[in-house]
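Undergrad: Pasting a structure below so you can have a look.
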Amino acid sequence: MTRDEILRAPSMPAFSPSYPRGPYRFVRREYLIITYETDPDALRAALPEPLEPAPGNLAFYEWMKMPDSSGFGDYEESGSAIVATYKGQPCNFSVQMYLDDEPPITAGREIWGFPKKYGIPRLSVKKDTLTGTLHYDDERVAMGTMTYKHRSLEDSLDAVREGIGHLNVNLKLIPDVDGSPKVAQLVGYRLRDVVVHGAWDGEARLHLIPHVNCRVADLPVRRIVRGRHQIVDFTLPYGEVLHDYLA
Ligand SMILES: CC(=O)CC(=O)O
């Protein structure tokens, strides 16, 4: 392999790359998002400086089903995030994500610093209930349920689209060959070319079970604020460094 060939490889293994270069387009990506009030100390402990919690101690737990994702295929994902601010701008900080497909785990960590680990999330409609579950090492650690299409947001799809375009932030940590930090950054990105096929609000419940290697319950549920179901297309662009902890 020549130097040029090596530098043209989009990812490792160079001989059989895990993921291609972008753009990464997601078609008919379906979400169950349960927003809830959590414990302020737990929230603060999970949020890296200089991000600040938004008023209300809000976190959300979400399931995503991605049937058609360029470069990544068909997979499902689940995890938690915190409603925060970066220099006064509203943003969502991703705390942990669990999914069942290697290329988006690897690409997500290597490019944008998504906090991804392997787990088995499932999102489906069971009779009258939109139902999400997450299994980690064969144990069920999360279940979310929401009423199915009770309140359509057909009249406010522009606001839904605007919300999806908000700033998202990850903490990217990559060690050097000697184990010391090589990359320690807050990475920001905004989803582009968003198309909303449908969105619904409704009653929801969320059950999180403590597990030491899958700490979804470490942001405990104090009060459910809202359930949101939505089906959208978008492009995930490359990110930008908002803050460099090594600078
Ligand atoms: C590749 C990614 O990180 C995107 C996703 O799985 O949400």
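Undergrad: Taking K149, is it more than 23 Å from A217 (Cα to Cα) and at pLDDT 95 or above? Talk me through it step by step, then tell me what you get.
TA: Values: more than 23 Å from A217 (Cα to Cα): yes; at pLDDT 95 or above: yes.
Considered against the rule, which asks whether it is more than 23 Å from A217 (Cα to Cα) and at pLDDT 95 or above, K149 comes out as yes.
Undergrad: Which residue out of V141, V95 is assigned to a strand (DSSP E or B), within 16 Å of the ligand (Cβ to nearest atom) and buried (at least 16 other Cβ atoms within 10 Å of the Cβ)?
TA: The conditions single out V95.
Undergrad: Which ones in segment 228-242 are in a strand (DSSP E or B) and either β-branched (V, I, T) or under 19 Å from D68 (Cα atoms) (or both)?
TA: Of segment 228-242, the ones in a strand (DSSP E or B) are 228-236, 240-242.
Answer for segment 228-242, where residues must be in a strand (DSSP E or B) and either β-branched (V, I, T) or under 19 Å from D68 (Cα atoms) (or both): H229, Q230, I231, V232, D233, F234, T235, L236, V241.
Undergrad: If I ask for residues that are assigned to a loop (DSSP other than H, G, I, E, B) and away from the ligand (no atom under 15 Å from the Cβ), which ones from segment 47-73 would you list?
TA: L47, P48, E49, P50, L51, A54, P55, G56, N57
Undergrad: Could I ask something else about it? When only residues in segment 16-46 that are assigned to a loop (DSSP other than H, G, I, E, B), touching a residue at least 12 places away in the same chain (Cβ under 8 Å) and away from the ligand (no atom under 16 Å from the Cβ) count, which is nearest to the chain's Cα centre (by Cα)?
TA: Only one residue fits best here, namely T38.
Undergrad: Is it the case that I82 is at pLDDT 95 or above, of a type in the set (A, V, I, L, M) and farther than 28 Å from G22 by Cα?
TA: No; evaluated as a whole, the condition is false for this residue.
Undergrad: At positive phi and either surrounded by fewer than 17 Cβ atoms within 10 Å (Cβ to Cβ) or not in a strand (DSSP E or B) (or both): is that true of G179 in this structure?
TA: Yes: the conditions hold for G179.
Undergrad: Follow-up. Can you work out which of the residues in segment 82-91 that are in contact with a Leu (Cβ under 9 Å, 6 or more places away or on another chain) and without any contact (Cβ under 8 Å) to a residue 40 or more places away in the chain is farthest from the ligand (Cβ to nearest atom)?
TA: Filtering segment 82-91 for residues that are in contact with a Leu (Cβ under 9 Å, 6 or more places away or on another chain) and without any contact (Cβ under 8 Å) to a residue 40 or more places away in the chain, the one farthest from the ligand (Cβ to nearest atom) comes out as K87.
Undergrad: Which residue pairs have Cβ atoms under 8 Å apart, sit 6 or more places apart or on different chains, and have a first residue in segment 64-78 that is among the aliphatic types (A, V, I, L, M) and at pLDDT below 95 and a second that is part of a strand (DSSP E or B) and within 11 Å of the ligand (Cβ to nearest atom)?
TA: none
Undergrad: Limited to segment 150-173, what total is found for residues that are in a strand (DSSP E or B) and over 17 Å from the mean Cα position of the chain (by Cα)?
TA: 2
Undergrad: On the basis of being closer than 26 Å to R25 by Cα, surrounded by 14 or more Cβ atoms within 10 Å (Cβ to Cβ) and over 17 Å from the mean Cα position of the chain (by Cα), does T147 make the cut?
TA: Spelling it out, it is not the case that T147 is closer than 26 Å to R25 by Cα, surrounded by 14 or more Cβ atoms within 10 Å (Cβ to Cβ) and over 17 Å from the mean Cα position of the chain (by Cα).
Undergrad: Which residues, counting only those in segment 197-247, are within 16 Å of the ligand (Cβ to nearest atom) and of a type in the set (F, W, Y)?
TA: Selection gives F234, Y238.
Undergrad: Can you tell me which residue is farthest from the ligand (Cβ to nearest atom) among those in segment 98-134 that are assigned to a strand (DSSP E or B) and under 11 Å from the mean Cα position of the chain (by Cα)?
TA: For segment 98-134, the residue satisfying everything is Y98.
Undergrad: Might you let me know whether segment 6-15 holds any residue that is in a loop (DSSP other than H, G, I, E, B), of a type in the set (A, V, I, L, M) and either exposed (fewer than 13 other Cβ atoms within 10 Å of the Cβ) or in contact with a strand residue (DSSP E or B) (Cβ under 9 Å, 6 or more places away or on another chain) (or both)? Talk me through it step by step, then tell me what you get.
TA: Of all residues in segment 6-15, those in a loop (DSSP other than H, G, I, E, B) come to 9-15.
Checking which are of a type in the set (A, V, I, L, M) leaves us with 9, 12, 14.
Now narrow it down to the ones that are either exposed (fewer than 13 other Cβ atoms within 10 Å of the Cβ) or in contact with a strand residue (DSSP E or B) (Cβ under 9 Å, 6 or more places away or on another chain) (or both): 12.
Within segment 6-15 (the criterion being in a loop (DSSP other than H, G, I, E, B), of a type in the set (A, V, I, L, M) and either exposed (fewer than 13 other Cβ atoms within 10 Å of the Cβ) or in contact with a strand residue (DSSP E or B) (Cβ under 9 Å, 6 or more places away or on another chain) (or both)), the answer is yes, since at least one residue qualifies.
The values are calculated or read from the model by the stated rules, or taken from the named source; none is laboratory data. Source: prediction; values computed, not measured. Backbone-built Cβ (ideal geometry, glycine too); neighbour counts: all protein chains shown.
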